[in-house]
Amino acid sequence: MDLEQEDALYKFLENSTEPFSLDEISAFVLTTSPKGEVSRVLSAGNKRSKKLAKEIDAYLDAKKIAFKKDNHHWVSRRACFETASFTITPSRQELLNGILIPGHRCVPFANPLTLPHRYKFYWKGKLGKSNILIPMTTTEAPPEELYPYYNLYGEEFAPQYIARDNAKNEEAFNADPYEDPPEVSIHSLDMRSIYRESAFVPGDHFVVRILNWKECSFEITKAGKDSWSFAEMEKWIECAEAGFDESFNKLGPGSSMEEQFAFAYWFGGKRMREVPSYSLEEYVFDKTNRIDIVSYGIETRCWFAGKEIPDSKKLQCFSLPPDRTLIEDILFNKNIPVSEFVILSFIKDAFFRKEKSPDQIINRLIPAIIHIDDAEWDLLTEFIYDSMNDFIQNYSMFKDRNAGPLRQRVIELHNAIIELSAKLQKGEIETTWLPRHTFIVLSQIQNHAAALLEDLAFDDAPPEMEIIAMENSLDSMVDTYTDIKELINTAMDNFRRSNLTIIHGGKTSDRLWQMIQISITGIDVWRRAIIPHDLNMKELHQFICIGMDWSGDLRFRFYCETSDGGKEYLHDNIQLGDIDFQGKKEIIYEYAKWTVKIIVMSSYQGEENDKPRYVTGEGNSPSENLEGPRHYKRLHDKNPQGFFYGGITSIETSQHELGSNFNQTEFAAGVFDLEKINNKLSTLF
């Protein structure tokens, strides 16, 4: 599909209120095409129309912008949610202040293209009373007090939603990208008269009905906290559990949390989109033990509680459609997932550099480590040469004076990511040695960089405030790239040293050694370590406790999952090398309220003086006295309002759970002290 056809497709979807066939949407897309294109389709007969229908089918499936009802019919987001109802439960803080913050409350029932502060809410009130538009007011607070109202978009995106609420917020966040502003102002609903009129008390709900999905207008009514039976609420939870399970199993982590929620409500069926129900935030943060919010690269996703999101072995493409052009396909097959708009940004960069040769652009676009044959080079040269001739007439160095330097920096970052990814793909290091989600992190930075390049590809230069926001975003991406590259370099050094020990070591012993990864499920705390094959489970317990700064005095057990889904428990004296793994080489270690996954990785023959040791890791380990991952996260987030978090208002209120050695700065920063851990190990092993 071309751009005009894609625009037509989105226009169809935002106005569609009934299930539609591929023939119906294809016909609509064709009517918006230029007359010449329509004539060509008519002259080509049904064959061209069927081709377009297949392209649309693949596009909808890849972009996840509609729900597939059967092999021939789809349902738009609008058709799925416009007749639905859901609930909002105001927090105590909102009741005290007479407000309601829209934030993430309407996910996934609202048009994702509309920002929350532009929603319209109508109060139905008492029986027979006509709907009244609820006025907006403003709420001032430090950003960290407002983040919990936006976290279902992803914790990493909460600052962006608050910044985009108004121009002053955006200016405040842009002033220092590394520090939150002391205070911001957001739009909220003025609920004072409604709370009084309805005698609203903590625990009561609002039932929300969608009036117009496209325009994001909603009608709200009150439901008392005891209005619904336990059996009704349990039935809703049952549908929600099934919806999330099917969403994760069929779609994986997806491209965003909003997408995950939309498909969970689709797979959960009509009952999940009706009341009585819990609000999405209540369900995710308080009512379910089946799903959790976990780290996914530099972003967050919902996932099965206690399980890691599967890793990737190459860059992931989150933006390219399935109907790639020939040029896009050449680059995609080289693991460079960019659109032609990104290439146009490279061309504008060449103009800014006063370069005239397509070869210079190709050499910048494709690192030398990536092979490209003569035929592919010629096709790229032809495309770039023609594009340069098309765009040079409208290019102005003066107009590009602000965007040009920024574009150069983005291109440098993009090239560094592509080159680093290509080196890792060459097999110089076993991927099991790399930091977790290495390619996911690189993919996310690459996709953000590509999106910036697309924005900088057009003739109209962005306004100054937008340029500042882009520069701050780029600074953050560069910092993240620097961090992941440092972790990769450390992993590669450890890998090379281990291989040098195997090949060039001095005296070797008959003792085999194993690389393992130790991860606490439900939180982003992990370690990589080297241990001998003859280490038994009791010794492994001591080894892990030192790595996690636990006393080791609480109950523990090890087991492997069997091929039939059962558990085979491992006694204390069994050695690592004697375990009969029936599937993946994984061991589960349960200690107090914590579940730890141990992945057994590569083996090698060590030297006589080798000792068990940790080689890398991330995250400050939780206290063994905490009540598991959820409680850890609630303390780590330091939510000041006690919002959704069982009334925990500060770290100090749970100080006794954290131990006398608790360090708030290290806890918040996720400090992992490798030297300290290995020094302690050396006295015991």
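The values are calculated or read from the model by the stated rules, or taken from the named source; none is laboratory data. Remember, it's a predicted structure, so these values are computed and weren't measured experimentally. Here the Cβ is made from the backbone with ideal geometry for all residues, glycine too, and neighbour counts use every protein chain on show. Only protein heavy atoms, including side chains, enter the accessible area calculation; ligands, DNA and RNA are left aside. Shrake-Rupley method; radii C 1.70, N 1.55, O 1.52, S 1.80 Å.
Listing for the model above:
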item: Listing of strands (runs of 3 or more DSSP E) fully contained in region 552-613 that carry 3 or more residues being free of Cβ contacts under 8 Å to residues at least 24 places away in the same chain; result: 567-570
item: Residue tally, condition out of contact with any strand residue (DSSP E or B) (no Cβ under 8 Å at 6 or more places or on another chain) and surrounded by fewer than 20 Cβ atoms within 10 Å (Cβ to Cβ), over region 158-191; result: 14
item: Where a residue in region 289-314 is on the phi > 0 side of the Ramachandran plot and in contact (Cβ under 8 Å) with a residue 60 or more places away in the chain and its partner, wherever it lies, is surrounded by 16 or more Cβ atoms within 10 Å (Cβ to Cβ) and part of a loop (DSSP other than H, G, I, E, B), with Cβ under 6 Å and at least six apart; result: Gly297/His437; Gly306/Thr521; Gly306/Gly522
item: Hits in region 76-106 - residues which are open to solvent by less than 10 Å² (accessible area, probe 1.4 Å) and of a type in the set (A, V, I, L, M); result: Ala84, Ile88, Leu100, Ile101
item: Of the criteria (1) open to solvent by less than 60 Å² (accessible area, probe 1.4 Å); (2) over 30 Å from Asp57 (Cβ atoms); (3) of a type in the set (Val, Ile, Thr), which one Ile298 fails; result: (1)
item: Failed condition for Ala529, given (1) modelled with pLDDT under 95; (2) more than 26 Å from Glu675 (Cβ to Cβ); (3) open to solvent by less than 10 Å² (accessible area, probe 1.4 Å); result: (2)
item: Residue in region 549-561 that is modelled with the lowest pLDDT, counting only those that are open to solvent by 30 Å² or more (accessible area, probe 1.4 Å) and in contact with a strand residue (DSSP E or B) (Cβ under 8 Å, 6 or more places away or on another chain); result: Glu561
item: Condition met for Glu281 (over 28 Å from Ser76 (Cα atoms), in contact (Cβ under 8 Å) with a residue 60 or more places away in the chain, surrounded by 17 or more Cβ atoms within 10 Å (Cβ to Cβ) and not aromatic (Phe, Trp, Tyr)); result: no
item: Helices (runs of 4 or more DSSP H) contained entirely in region 1-105, each with at least 1 residues that are modelled with pLDDT under 90 and of a type in the set (Ser, Thr, Tyr); result: 22-31, 35-44, 46-63
item: Yes/no for Trp266 being more than 16 Å from the chain's Cα centre (by Cα), under 18 Å from Glu241 (Cβ atoms) and touching a residue at least 12 places away in the same chain (Cβ under 8 Å); result: yes
item: Subset of region 444-465 that is touching a Phe, Trp or Tyr at 6+ places or on another chain (Cβ under 7 Å) and part of a helix (DSSP H, G or I) - its residue that is least open to solvent (accessible area, probe 1.4 Å); result: Ile445
item: Unmet criterion (only one of (1) farther than 18 Å from Val525 by Cβ; (2) at pLDDT 75 or above; (3) hydrophobic (A, V, I, L, M, F, W, C)) for Leu674; result: (1)
